[in-house]
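No lab work stands behind these numbers, since they all come straight from the coordinates. These figures come from a predicted structure and were not determined experimentally. Ideal geometry is used to build each Cβ from the backbone, glycine not excepted, and the neighbour counts take in all protein chains shown.
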Amino acid sequence: MSDKYFLDTNIIVYSFDVQSLDKQRIAKDLVSNAIKGQGCISYQVIQEFLNVVSYKFKNSLSLQDCEIYLKRVLTPLCEVYPNIEFFSQALQIKNRWQYSWYDSLIITAALHANCSVLYSEDMQHKQVINSLTIINPF
């Protein structure tokens with residue numbers, strides 16, 4: 001296991017959150033350090049993030065801004081794409097740890113990327129799954 005970390009979608013979303021400046025600062029630092037090679041994401045994070053910022057934000061990002069962020073930040077961070085083995089492992093994690101299907105996919109992606117830490121606000125803080133530790137950075 002490396003010192004690399006995985007960012008759940010909520011961390012990237014918080015980097016845009018002007019309602020919670022403390023969370024925004026922490027999230028921006030995590031994204032910035034990830035871009036420098038310390039972290040990564042999966043295809044799923046890209047899908048979820050673009051859905052949230054395109055439709056669910058109070059002030060949604062424009063198509064052009066989404067494209068820019070996709071090219072400059074999300075694409076360079078994306079290291080994990082699914083295959084049958086990936087989905088099988090996610091099913092095993094879902095069964096063993098009782099996470100939702102989508103959280104199980106995130107955990108599986110972090111494991112496939114050989115990350116030691118998964119930053120997420122939505123999962124059990126300090127839980128260890130195999131050699132991965134879930135951390136709520138807020």
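Phi angles across the stretch 128-138 convert, under the Karplus curve 6.51 cos²θ - 1.76 cosθ + 1.60 with θ = phi - 60°, into 3J(HN,Hα) values of 10, 10, 6, 10, 9, 10, 8, 10, 8, x, 9 Hz, Gly and Pro given as x. Which residues among the stretch 13-29 fall inside the zone where the amide N is under 11 Å from a point 7 Å beyond the Cα of Ile35, along Cα→Cβ? 28-29, by backbone N distance to the label point. Placing a pseudo-label 7 Å from each Cα along the Cα-to-Cβ vector at Asp65 and Val18 gives an inter-label distance of 0.8 nm. Cross-link pairs exceeding 19 Å between alpha carbons, from the set Lys4/Lys36; Lys36/Lys58; Lys23/Lys58: Lys36/Lys58.
Among 75-84, 39-48, the peptide with the highest mean count of other Cβ atoms within 10 Å heads the list, and the full ranking is 39-48, 75-84. Farthest towards the positive end of the charge dipole of the chain, among the residues Asn114, Ile35, Leu50, is the Cα of Ile35, using unit charges on the Cβ of Lys, Arg, Asp and Glu.
From its DSSP helices (H runs of at least four residues, each -39,500 (n - 2.57)), the chain gives a residue-normalised ellipticity at 222 nm of -13000 deg cm²/dmol. Normalised by the number of residues in the stretch 1-94, what is the relative contact order in percent for Cα pairs under 8 Å and 6+ residues apart? With pairs under 8 Å counted, the relative contact order is 27 percent.
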